[in-house]
Structures are given as structure tokens and as C-alpha cells.
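Following: one structure in C-alpha cells, then a few remarks.
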Amino acid sequence: MDPTRSFQGLLLTLQRFWAERGCVVLQPYDMEVGAGTSHPGTMLRSLGPKPWRAAYVQPSRRPKDGRYGENPNRLQHYYQFQVILKPNPPNLQELYLQSLAAIGIDMALHDIRFVEDDWENPTLGAWGLGWECWCDGMEVSQFTYFQQVAGIECAPVSGELTYGLERLACYLQNVESIMELNFNGLEGDEKVTYRDVFLQAEQEYSRYNFEYADTDALFRRFAAAEAECRALLQKGEAGERHLMVQPAYDQCLKAGHTFNLLDARGVISVTERQSYILRVRELAKACGAAWLKTAGGGAN
Amino acid sequence: MPDLLLELFSEEIPARMQRKAAEDLKKLVTDALVERGLVYEGARAFATPRRLALHIAGLPVRGRDVREERKGPRVGAPDAAVQGFLKAAGLSSIDQATIVSDPKKGDSYVAIIEKPGQETAAAIAEIVPAVIRSFPWPKSMRWGKASAAGASLRWVRPLHSILCTFGAAETEDPEVVPFEVDGIVSGNVTHGHRFHEPGPITVKRLEDYVASLEKAKVVLDADRRKEIILTDARNLAFAQGLDFVEDEGLLEEVAGLVEWPVVLMGSFEERFLDIPGEAIRATIRANQKCFVLRDPATGNIANRFILVSNLAASDGGVAITAGNGRVVRARLSDAAYFWQTDRGALPDLDTFKDSAEKLGLDLAKPLDQRMAKLDKLGVVFHAKLGTQGERVQRIAALARELAPIVGADPEKAERAARLAKADLPTEMVGEFPELQGLMGRKYAELQGEDASVAAAVEEHYKPLGPSDRVPNDPVSVAVALADKLDTLVGFWAIDEKPTGSKDPYALRRAALGICRICDENNLNRLQLEQILTPLFDKWPNVDAPIAAFDLIDFILERLKVMLRDRGIAHDVVDAVARQGIRREAMMPGMANVRVISIIVRTADALGRFLDTEDGKNLLAGYKRAANILKVEEKKDGEGAFAEAPDLHLIAEAGLIEEKALAVALAQATPKAQASVAAEDYEGAMAALAEIRPAVDAFFDNRPHRLLRRGQRWKPSPGGRGQGEG
């Protein structure tokens, strides 16, 4: 599968590249999340002392970014390729550049740059320092050294790489619009484009996100997810240990996505917005603290 | 004299931090050396995206020896005393001590202890690790395995290697200064350009370091990188018959993003030139860090741009230019979409009806719709100061009220104020906040607003600083003042005034803006107190007169700063403004002292007058009189001399100088008052200058007494020494 000829070729090449460097290749998390970072494989696993290396594709839902499929570069659903290495190896930048070479970017022809970008995810209580990685002026990845996740200092620090797959694929395939991407690498009648796979979904979800999502139901869903997250965190307490972090975290993710939908519907005012973000952050922080009391979080 | 060469090689340092970091490195290391008595001839620091470097020339090999004398016992003192002395001085035998003779006290022992100075290299090995560990990065991070432990090294991004050599320039090879910082051992190896020459380079001293780096496609000096970019960019532009639009901030940033600048020119479709030039520039600058070009014939932005890459690409930059062009086009497509969307109707117009009615907006017009949306969304300006919609209503009312005072049409001023913030919810301003105001003006023009109204939408934010242009169209003036006054009154009412260096809402800038607008437009009818007190009255729990007085004080403080920059002393401003306010009660005609433009011109005139010979003498005469009166008041009680002089008494009993002074005052006073009334402050000063001979004569020939009301005269017991000023 040539990474410069098909979208899936790009994806498979990155998976193979990182699999060969010791990463566990996970599958997408089966919930609606806004970014690959929210996957428990990053969010929870980056906490605690245990080494961890994983790579996976994560569909990212950003209800507000939908444009009914009309804007060539804005989608409410797209893919991120996520790599998490804990602790970050000393040659992470070199590894990243090798991965670019693996997907067909020739460093003698293209201008790769690391441009300051301090990453922060307020709903996850996470921040780190790093860069946007540019290829000929286009941002193709985010490169972050996590300093804090769920409000907890990372010890050790993880290195996180997030590749914007559609944008990268546009560049590699030399097309102007995401919808024009060749998905399967075939030509003629057998060719399947990104449009064939996702245009209808973009239109339908844009309608839902902006016009038809039942806001009363969403408000109830937010409150229910928040309550259940707290309840599970409480019921999972077992002295020094915690027994139900991941189900609780699912509810935190659910609250987060519900908030994003409400935000897209424009029913949350600027002042309320901040308080919703804080409420989700509190859940994420509580989940992170509980994770440290599990085997995965390094508790003995 | 040996030199020090230090390089800290890391992953990419944010461009905006590089210059300061290099300077900090220089200061911290040289300060620490000097503190140990190790003075140097010169020091220079450098920064590239991946390294900080420091060269210190002309250091001593080691610090100065310290010679210390320690006094011992007399010759022939008991053995216990001698042994004690030997131990304290670190001598093994008394033969090592010197004997000194004193004619009175006789012979005694002295130990001369010589401590050799510390080796400079050893000092460096202590100083550099300490500087690295406590380096003042604005933001720093931990990384890698070591970050599992609590106190691991922090740096701006992972630090990979340290080069540190020390040695004499020509005669010998410098040596590595050995030390270790969190597992990084100092050495004499660096690396070149990430893609061109990533291999190790062994370094001796600055000369070969700079040359090797240059060969390995790294230009060490940021200013040289800037020069290269500027020269190449100008040449490329010139070759195309275009002007390079210079941008120092962007140039500094771009020079911090490359080690080997290669300047290229890209292009985009002419159809994008429909987008306002400022928006094209903002897009290309903010997102792509590229420079725009201008057609010298029209002054308009051209469909070309300058990009600076970090690679001498094997195809001469064709792929890089093409890639950047794609991104620029995608960005401009976004901008074109914003530009188009903002001029169209919003969906759900019905839901904005209430807001439109409340704010007197016409929902048939796009910009009015945006203002209605801003109000409807309830976007908060500040938690305690309400929404943007409420704020716009206040500003509109105030602009209308100010209009006649500043000579503006009240209708236009109100309309402009209602549209002033309407561009905030536009797509374009959402994407490029720095275009606020400017886009509002463009959209206002497109929907056929009056030219003054459209201009005011942009200009009401001005002036943004001491050197920004001050609006002078009366409509702009009214809205600009209303905006700033509303902000100041609001924050004063909720008691969030600037403190020290903290001024998060830029209130000092707003106050200075008011001063500059009033001054440069000569707004001689804008009486601050009359405007401010009623505004404060609308706030519950605020003592309006006190709040207004406090705010005026704050504004006058800015005025003083403004006038100081013009060379007018702060006490002159105080004399005009503060003293004036105190005396207002006594002199009703002085209400003008709260009019900024009048304060400025009075202070100007007073400042100039005091610099003249007349002024200096008048001031000296005034001080003398004031001091004498103060002394006399102590005896006669306060206010004993407040009333006008008794001219009859002077005529009857006064000396010739007193009579002359009375006449001079009687003539000068109406002249000065008439001049003040006519706002001719130069004239008022000239009138006062005329009394100088009379004042001088009075004091020079003054008998030692004061003529008092109801008495003939009595000698002044204070006498000369006490009464003189």
C-alpha cells in the first residue's frame, strides 16, 4: 500500500512504522471523542510510572467544525493518528522524521520545521510543550511532551505525536480537497474516494449538530453522565485501590462530547461555557487520580 | 588571555524566546565570573532555533592570588602561644614565619599566607551547571526517563549536548571544561543543520566554531540571518517590480525559525485580491509566517508572497514553494469565505428581533445583524460590567451626549457607536482579532453607512498607544471618547483599578487616549467632572463625586506622563491642574482647569514662561511673598491675609514700592483675567510678567514690616532671615 496513493495506505504505513518500533497498535476507542488524546490509551496510560508505547487511529468528532461537507478542509469527523511513548525516548524527533520519510516525504526536497506550540486541553486538565510540525508551511502533526494530564504531573513525561491524516494525505496525493482523496488506492471504476465514504455523513451530521440535536435531551444527558461518573468513582473506591476507573472515564468522555454538541447548537453562553469545561475537567481529574490507584496506574 | 566558548544544544527553542535567552545566558555567566573576581574583555551571545551560544573573550587563566598577613605572638613568647599561632596560620615550623620589628613593641612573628586564585576553568565548571539548572525560561519542561524523578533538569525543550571549551586563543588548543548536568557531559562537539549536516563537528574556539557551523549550513548570528532574509527578500521583490512590505516583528520571528535562511517567492490567484489587503496580510502573516508584497504603482497588495525556508532544497525550492502556495491558497479560501459570509444575511434573523429593537438596529443590513447577534448571544464584556450589548447601549448614549461638545452630529455619533462593536461576531474578526474595527469599517462602508460613521467604527479604538494616530473626525472623537470613558467609569465603579504593573484592561492606555484626543483636537468644552459624575451616579453603591474625583486624578496622572515626555515638568502640570481644582471654589472662572486641552495649553504656557527670565523672577517673588505670608499667618491666624489688599490703607500709609506694586497688580489682574477668559494663556503670562519690576522693587527695598489692615504699621519680628523665600 503506497502511502502517497491511498488514504488507507498512509494509515497502514504509519501503523507498521510504529509497530516496528515497539508500539502496541490499538484500535480506535469505541466512543465519541474530540481527539486521540482522549483515548484511555493516552489519557490514562500517560499517568503513573509504567512504561507504555502505543499507536492507533482515532476518529475525532468536532461537531462545531462541520460545514455540511462544503468546505474542502473542515470536517466534523476526521482521523488522527496518535503515538504515545512513555517515557519519551531521547531520539523522538529523529523517530518522527523517520516516520515522515516512511510515508514518502523527501527531506532533501521539503522544508520540515518545528514551530512552537504549547498544547493545552482544558477539558482534560492536560498541557505540554512542543511544536506544530510543518512541512512546506503546512501543519502536519502536533508534537508534545506531556507535562500534566488530568491535573497530575507526568512522571515520567510522555511524548505524544498526533498526525492530521487527511491533511497529510492531501499533501502526499497532491489534491486540494479532502473529499478528493483516493481512499483505497485503486483507479477507474474501483477507485473509492473520501467523498464516497464520508460526504453524506458530513452532511447528515452537520444537520444534526447544528440544527436538530435535541438540546433538552443533551442537557439531561450531560447531567446524567456527570452524575454517573461521580457515582462510579465513589463506588469503585476500595481503600488504597480503585476498581472502576475506566467505566467512570467513559462517562467523563460522554459528558465531554455532549458538551461539544451543546456548544455546536449555540445554546451555551460564553460564561456558561467556562463552567461546563470546568465540570468536565473535574471529572477527568478525579478519573486520573483514581487511575493512579490501579495496576495500570502503577499501584502495587 | 584565554576565551570561553559555550554552546547549549537542544531541540527547537521557540523563536520569541531566543534573543532574550541568549542575553540571559551572557548576563548570568558573566555576572557569576565577575563575582569571583574574574573580569573579562568582552562577551557575546548567540541563538539559533537549536542552540544558545556564548563567547567570553579575555578571561584570566585563574583568579588573582590572595595574600594575607596574620599577626602572631612576640618573639620569645611561651611555647603554647607559638604552637597556637602555627596551627591557626597553617605553618609547620616557626621558621616559616617572618619576624617584624616594632620600635615600641619589639619583635613579633607574622605569618604570610598566600592563597592562589581559583583556576578559571574550575570556576566555569561550577558556574555553568548552576546557570543551566536555574535558567529563567518563561516556560520550561521535563522530559525522558529522568522526568520520573521529582527534581529532574528543566529546559525550554529537551537539552541534548553542552559544548564548553576554554583556552588561549592562538597559542594552544583550548581544553574542554569538564562538568556534568543531569547526565549530559560537557564536550567539544556540536552538530550542524538538522537536514544538511547532522553529523558531529569537533570545535576548538569561536573562530572555527562559527566557520564550521557556516559550512554545516548554520548561521549562528540572528542579526545576520535577518540581514540575509531582508536583502534576499528585497532583491526577489525588486526583480518582480514589487515592494517588499517590511515587518520587523515577523522578520525577528522568522529568523528564529531557521538556521539556514533560504528566501523564496510564491504566488496565489489574482481572484483572492478581492479580499481586503489587511486581511490577506493577516492571513499570510499569522498562519504562514510569510511576508506580503505590494505593487508600487497602486500601493495594493500583490498576489505574491515571500517565504523563508530552512533548506537549500535539491530542486531549488520548487516543491517548497508549491507546498507553501497550496497552504496560502487554502488559507485565503477561508478568508474569502469569511469575507463573503460576513456580507451576507445571518440565518435565524427572527431570533434577533428583540435585540435589534433594543439597540435601534436595521436587520436588513448585515452589520446591524451582527450587532444584534452579539447582543442576543449575551457575550459578556466583564462579569460585573454586563454584556457587550449593554455596553454598546451605554456607549451610544454617551457618544450622543458628547457629540455637541466635540462638534459632531449626535445622530451619526450614536449610529457609529451602535455599529462600533458589530464586527466582533464576524467570521473575519473571529479568525483575526487584530482586524477588529478595520473590518467593521469595511462592512459599514459596504452597507452604505455615512463616511464619518464608517470611519468611526474603525477609529474609535484609537489611539492604541502613545505613538498611534489620534482620530480627528468629530464622530470618531465622540465614539472614541465614549468607549474609553465607559470603560474607565465601569472599572472604577467596580473598583478594579490598575495596580503597579498590573493593568489587564489597559486602563492607563484608555486614560492616555482620552488625554491625547482632547489635546490634539483642542476639545476646550469637555469638562471631565460634568461628564463623569452623572455616569457614576448610575452605579449603585458608588459615591459619584468621589469616584469622579479619583478617576480625574488618574487621568491627570496620565496627562502628566504625556506632558513629561514633551518636556513639561510634573509640578507645572500639578500647579495647573490640581492647584487649579482647589482654587476653583474661590475663582469661579477657573472651572476650565478640568478641561484637558486647557490644562495642556496652560501648562505649556506656564512651562515656557517659567523658563524665561521674567518667569524665574516672578516665581522667586511669589515664593518670597508666599513664605512671608505663611510666617505672618502663624501669628495672625489662617486666612488673615486672604482678602484683597486695602488700597486706601496703602494710599494713606504705604511706601512708594507698595503703592507701585498695588498699581501694577491693579493693572495686571484684569489683563490676565481677560486673557484667561479668552483662553490666551501666553497673554496671561505676559500680563503677569509685567508686574515683575514692581515685585522686585517691593522686595529689594522692603522695610522689615508688613502693613496690616486696621493698623498703621509695625516692625516685622520675623526679620529678614525668616521671612525671605
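The values are calculated or read from the model by the stated rules, or taken from the named source; none is laboratory data. From a predicted model like this one, the values you see are computed outputs, not experimental measurements. With ideal geometry, Cβ positions are generated from the backbone for all residues, glycine too; neighbour counts draw on all protein chains shown.
Starting from residues that are under 24 Å from A:GLU132 (Cβ atoms) and over 30 Å from the mean Cα position of the chain (by Cα), keep the ones in the stretch B:155-180 and report whichever is farthest from the other protein chains (Cβ to nearest Cβ). Going through the qualifying residues, I end up with B:LEU159.
Please note which strands (runs of 3 or more DSSP E) are completely contained in the stretch A:75-178 and include at least 2 residues that are farther than 25 Å from A:MET1 by Cβ and at the interface with chain B (Cβ under 8 Å from one of its Cβ atoms). Working first, answer last.
Working: elements: A:77-86, A:112-116, A:119-121, A:126-135, A:138-149, A:159-164.
Strands (runs of 3 or more DSSP E) meeting the threshold: A:112-116, A:126-135, A:138-149.
State yes or no: is B:GLY440 touching a residue at least 12 places away in the same chain (Cβ under 8 Å), touching an Asp or Glu at 6+ places or on another chain (Cβ under 6 Å), within 14 Å of chain A (Cβ to nearest Cβ) and outside any loop (DSSP other than H, G, I, E, B)? Don't jump to the end; show me each part of the working.
On the way: touching a residue at least 12 places away in the same chain (Cβ under 8 Å): yes; touching an Asp or Glu at 6+ places or on another chain (Cβ under 6 Å): yes; within 14 Å of chain A (Cβ to nearest Cβ): no; outside any loop (DSSP other than H, G, I, E, B): yes.
When the stated conditions are applied, B:GLY440 does not pass them.
Counting only strands (runs of 3 or more DSSP E) wholly contained in the stretch B:1-97, the ones carrying 1 or more residues that are at pLDDT 90 or above and surrounded by 16 or more Cβ atoms within 10 Å (Cβ to Cβ) occupy B:2-10, B:42-48, B:51-57. Of the residues in the stretch B:212-228, none is away from chain A (no Cβ under 14 Å) and assigned to a strand (DSSP E or B).
Residues that are free of Cβ contacts under 8 Å to residues at least 24 places away in the same chain and either in contact with a Ser or Thr (Cβ under 8 Å, 6 or more places away or on another chain) or among the hydroxyl-bearing types (Ser, Thr, Tyr) (or both) do not occur anywhere in the stretch B:113-128.
For the stretch B:529-564, taking the residues that are in contact (Cβ under 8 Å) with a residue 60 or more places away in the chain, within 14 Å of B:LYS497 (Cα to Cα) and crowded, with 20+ Cβ neighbours inside 10 Å, the one that is nearest to the chain's Cα centre (by Cα) is identified as B:ILE555. For the condition farther than 30 Å from B:VAL318 by Cβ, free of Cβ contacts under 8 Å to residues at least 60 places away in the same chain and surrounded by 22 or more Cβ atoms within 10 Å (Cβ to Cβ), A:ALA19 does not qualify. For B:GLY378, the requirement of being within 12 Å of another protein chain (Cβ to nearest Cβ) and in contact with a helix residue (DSSP H, G or I) (Cβ under 9 Å, 6 or more places away or on another chain) is met. The number of residues in the stretch B:621-646 that are outside any loop (DSSP other than H, G, I, E, B), closer than 22 Å to B:ALA689 by Cα and among the hydrophobic types (A, V, I, L, M, F, W, C) comes to 4. Of all residues in the stretch A:145-160, those being more than 10 Å from A:LYS86 (Cβ to Cβ) and either without any contact (Cβ under 8 Å) to a residue 24 or more places away in the chain or surrounded by 24 or more Cβ atoms within 10 Å (Cβ to Cβ) (or both) number 6. Considering only residues in the stretch A:211-233 that are under 19 Å from A:LEU243 (Cα atoms) and within 26 Å of the chain's Cα centre (by Cα), the one that is surrounded by the most Cβ atoms within 10 Å (Cβ to Cβ) turns out to be A:CYS229.
Only residues that are touching a Leu at 6+ places or on another chain (Cβ under 7 Å), under 30 Å from B:ALA302 (Cα atoms) and surrounded by fewer than 21 Cβ atoms within 10 Å (Cβ to Cβ) were counted across the stretch B:330-372, and they come to 1.
Check B:TRP137, B:TRP143 and return the single one that is in contact (Cβ under 8 Å) with a residue 60 or more places away in the chain and either within 14 Å of another protein chain (Cβ to nearest Cβ) or over 26 Å from B:LYS204 (Cα atoms) (or both).
Details: B:TRP143 fails: in contact (Cβ under 8 Å) with a residue 60 or more places away in the chain.
When all the criteria are applied, what remains is B:TRP137.
Set side by side, the residues A:LEU26, A:LEU12 differ, and just one is within 14 Å of A:LEU165 (Cα to Cα) and away from chain B (no Cβ under 14 Å), which is A:LEU12. Within the span defined as the stretch B:315-329, one or more residues are buried (at least 23 other Cβ atoms within 10 Å of the Cβ), touching a Leu at 6+ places or on another chain (Cβ under 8 Å) and either more than 12 Å from chain A (Cβ to nearest Cβ) or hydrophobic (A, V, I, L, M, F, W, C) (or both). One residue stands out among those in the stretch A:55-68 that are part of a loop (DSSP other than H, G, I, E, B) and away from chain B (no Cβ under 14 Å): the one that is nearest to A:GLN15 (Cα to Cα), which is A:ARG62. If the condition is being within 30 Å of B:LEU38 (Cβ to Cβ) and small (Gly, Ala, Ser), then the stretch B:56-94 contributes B:ALA57, B:GLY58, B:GLY63, B:ALA88, B:ALA89, B:GLY90.
When restricted to residues that are without any contact (Cβ under 8 Å) to a residue 12 or more places away in the chain and more than 8 Å from chain A (Cβ to nearest Cβ), the stretch B:293-314 contains 3. With respect to B:ILE275, is the statement that it is more than 9 Å from chain A (Cβ to nearest Cβ), in contact (Cβ under 8 Å) with a residue 40 or more places away in the chain, within 37 Å of the chain's Cα centre (by Cα) and closer than 30 Å to B:GLN369 by Cβ true? Considered against the rule, which asks whether it is more than 9 Å from chain A (Cβ to nearest Cβ), in contact (Cβ under 8 Å) with a residue 40 or more places away in the chain, within 37 Å of the chain's Cα centre (by Cα) and closer than 30 Å to B:GLN369 by Cβ, B:ILE275 comes out as yes.
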